[in-house]
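Novice: Mind having a look at this structure? Questions to follow.
No value in this document is a laboratory result; all are computed from the given coordinates. Predicted, not measured: the structure shown is a model, and the values here were computed from it. Ideal geometry is used to build each Cβ from the backbone, glycine not excepted, and the neighbour counts take in all protein chains shown.
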Amino acid sequence: MAKHLLVLSVFTIAIAVLIVLAVIRASELIRGRPLAVASILLVYGSAAFAAEQMAPSDIKATFFNGQSFTASTPGGTKFTMTFTPDGKMTREPLAQSGSKNTGTWKLNATGFCTTWQHAKPSCFTVIPKGENKWSVQKIATTIAITVAVWSK
């Protein structure tokens, strides 16, 4: 768990550095307008630090209750996902692309793990991304990779 928190902290620091660089660049473009620079810092700065991952119990209550929701991959493929309280899950494509599948899920210390038919287990974290949207991220060594966006 400490490793995941370190990864999240490093990621948050990297975002903060990018925001500061963007604000510096913006201030060069809008010299003499300190209010605009402050507004940019407030909006983007608060967004960077608000991205905390959901607790496993909150993931279960929000998504693993038998109610279907939509998952979109970074490539744009959309699925109807259903996770039931008994540890089972299904996905059905909403278009021609993608394939139907079933599997199992379980909570872990930082999020949840899934095992789809004919696939190895994978573990994820869930990060709120606004009203009724969540980013599902897989931690690969030290980089968090978004694998889907869930919406209700």
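Novice: Give the whole-number value, in cubic angstrom per residue, of the convex hull volume spanned by the C-alpha atoms of the range 56-151.
Specialist: 101
Novice: Can you return the aspartates and glutamates within cross-link range of residue 152? Criterion is Cα-Cα under 16 Å, with same-chain partners fewer than 8 residues away left out.
Specialist: Here the aspartates and glutamates satisfying the reach criterion relative to residue 152 are 58, 92, 131.
Novice: Between residue 104 and residue 57, what is the label-point separation in nm under the 7 Å Cα-to-beta-carbon projection?
Specialist: Result: 2.5 nm between the two label points.
Novice: What does the charge count around residue 78 come to, taking other residues whose C-beta lies under 11 Å from its C-beta (Lys +1, Arg +1, Asp -1, Glu -1)? It would help to have the intermediate numbers written out before the result.
Specialist: Working: positive: 91; negative: 92.
So the environment of residue 78 carries a net charge of 0.
Novice: Just to confirm a number: summing +1 for Lys and Arg and -1 for Asp and Glu over residues other than residue 104 whose beta-carbon lies under 15 angstrom from that of residue 104, what do you get?
Specialist: +4
Novice: Related question: How about residue 106: which lysines have a C-alpha closer than 16 Å to its C-alpha, ignoring those fewer than 8 places off in the same chain?
Specialist: Once the sequence-local lysines are set aside, what remains near residue 106 is 60, 88, 120, 138.
Novice: What is the local net charge at residue 69, summed over the other residues whose Cβ is closer than 13 Å to its Cβ (Lys, Arg +1; Asp, Glu -1)?
Specialist: +3
Novice: Run the numbers on the range 56-151 and let me know its relative contact order in percent, using alpha-carbon pairs under 8 Å that are six or more apart.
Specialist: Working: 201 pairs, mean separation 20.0, N = 96.
Result for the range 56-151 is 21 percent.
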